[in-house]
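A.B. asks: One structure, pasted below without further comment.
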Amino acid sequence: MSIRGSAMRRLISGCMGAAAWFMMQSVPTAYAADDGASRAVDDYLASEKSRGHRHPIIDTHIHFYKPSRPGGVPWPDCPSALCRDVLPPEYKALAAANGIVAAGAIEASPLVADNQWLQNVLGRDRFFIFFAGQLEIGSSDFISNLNRLSADPRFVGIRGYLWGPAEGITLSAPQLRDLRELARRGMTLDIISRADKNPKDQVEALCTTVPNLKIIIDHLGGAKGPPPVDRDWEFSIRRLADLCPNLYMKFSSFYDMYAPGDVPFLTPTDLPHYKAHFDVLKTAFGPDRLIWGSNWPVAELHGTIADEIRLAEEYLAPFGEAIRDKVMFRNALLFYRRHVPDGND
């Protein structure tokens, strides 16, 4: 290990809480290659456990928005059960009560300006260790917007193919230009793949055409309960996991399996209702490509975050602490950062 790398490890080990990871985001890119990042994350995990967090959690999927601001918001719909101001103080109180030691925000609005709004809302609060913006892949201003947002080291990637383009994943020349630029910068891409939104064959084309782009499918990849598992869904999930080592799965928004959309609806809270689908995702993607997230506040239309965490912990417990720590903590930090494509420590 280089002297610089050794010094940075000691610095990170000596820092407390999410500040350690925030500092890591700003180190020279050579240190941020996989081996160095893995050691830093191990140090961070050990520091959290030494502070009394036996099962620390990183939440990788939360949303903030403010319908009361001038002009309102394009999402969520108003009036609706989600239509209220949702801001960091509320989430941080919930996180503290549930063992969540740091979190990342995902922009849900299609308005480019709302990326800056989210950046401003997060401010300098080091509890929020990353955020992913929302930009339209293939748009004429994609690169300029990416350049501007990238000035914040916590900006690690984008969520795409949610609001647009209308034609979806086509891998046209403009889309490929932007996808390859994300990959060149070592940034990440969140996508939804369920029903007719980014169907699995289009995701397969995406992840195999741009194999050095880190991609994550949000919210269980469109799993739908109750058991037994739909065999077509299982086949498509296993195929994607096998063909695309650059593709990850977000172990998130469990209640979506039973809820009929973003409306109040109580869903099951016992593991047997979810386990068969969880098994498919875990055996397909393995413990290194499964990453937990809550989808707060949407998830609370259907149940509590406490129950969602309990379901995850109950499912992971038989696999041992090391695998639990990967899914609930470690994998989040290794995925949501600016990677160094083909880099070496």
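All of the numbers you see were taken from the coordinates with simple rules; none came from a lab. Everything numeric in this text was worked out from a predicted model, so none of it was measured. Note that we place each Cβ from the backbone using ideal geometry, even for glycine, and neighbour counts take in every protein chain shown.
A.B. asks: Just one of (1) 29, 26, 26; (2) 27, 24, 22; (3) 35, 21, 19 is semi-axes √(5λ) of the Cα gyration tensor in Å calculated from these coordinates, so which is it?
C.D. replies: For semi-axes √(5λ) of the Cα gyration tensor in Å, the calculated option is (2).
A.B. asks: Okay, helix-only estimate at 222 nm for the chain: each DSSP H run of n ≥ 4 adds -39500 (n - 2.57), divide by all residues, round to 500 deg cm²/dmol; what do you get?
C.D. replies: So the helix-based figure for the chain works out to -11500 deg cm²/dmol.
A.B. asks: While we're on this one: Taking the number of other C-beta atoms within 10 Å as the exposure measure, put ARG177, ARG185, ARG54 in order starting with the fewest.
C.D. replies: The fewest-first ordering by Cβ neighbours comes to ARG54, ARG177, ARG185.
A.B. asks: Here is a further query. Read phi for every residue in segment 91-106 and hand back ³J(HN,Hα) as whole Hz from Karplus 6.51 cos²θ - 1.76 cosθ + 1.60, θ = phi - 60°, with x for Gly and Pro.
C.D. replies: 5, 5, 5, 5, 4, 4, 7, 10, x, 8, 9, 6, 8, x, 9, 10
A.B. asks: Report, to two decimal places, the Cα Rg of segment 190-345 normalised by 2.2 N^0.38 Å (N = number of residues).
C.D. replies: My calculation over the Cα atoms of segment 190-345 gives 1.02.
A.B. asks: By count of other Cβ within 10 Å, fewest leading, how are TRP292, TRP75, TRP233 ordered?
C.D. replies: The most exposed by this proxy come first: TRP233, TRP75, TRP292.
A.B. asks: When ranked by the protection proxy of mean other Cβ atoms within 10 Å per residue, highest first, what sequence do the peptides 252-265, 111-124 form?
C.D. replies: Peptide ranking by packing, descending: 252-265, 111-124.
A.B. asks: At a threshold of 8 angstrom on Cα-Cα distance, excluding pairs fewer than six apart, so keeping six or more, what relative contact order does segment 50-122 reach in percent?
C.D. replies: 44 percent.
A.B. asks: Sticking with this structure for a sec: Using a simple spin-label model with points 7 Å from Cα along the Cα→Cβ vector, what separation in nm is obtained for ALA205 and ARG310?
C.D. replies: Simple spin-label model gives 4.4 nm for this pair.
A.B. asks: Using a simple spin-label model with points 7 Å from Cα along the Cα→Cβ vector, what separation in nm is obtained for SER139 and ASP230?
C.D. replies: 3.0 nm
A.B. asks: Sorted from fewest to most neighbouring beta carbons within 10 Å, what does the list VAL280, VAL340 look like?
C.D. replies: Ascending Cβ contact count within 10 Å gives the list VAL340, VAL280.
A.B. asks: At R0 = 51 Å, how high is the FRET efficiency between CYS78 and ASP35 if r is their beta carbon distance? Nearest 0.05 is fine.
C.D. replies: FRET efficiency, CYS78 to ASP35: 0.60.
A.B. asks: Once the other residues with Cβ under 10 Å from the Cβ of PRO287 are scored (Lys, Arg +1; Asp, Glu -1), what is the net sum?
C.D. replies: Around PRO287, the surrounding residues sum to +3.
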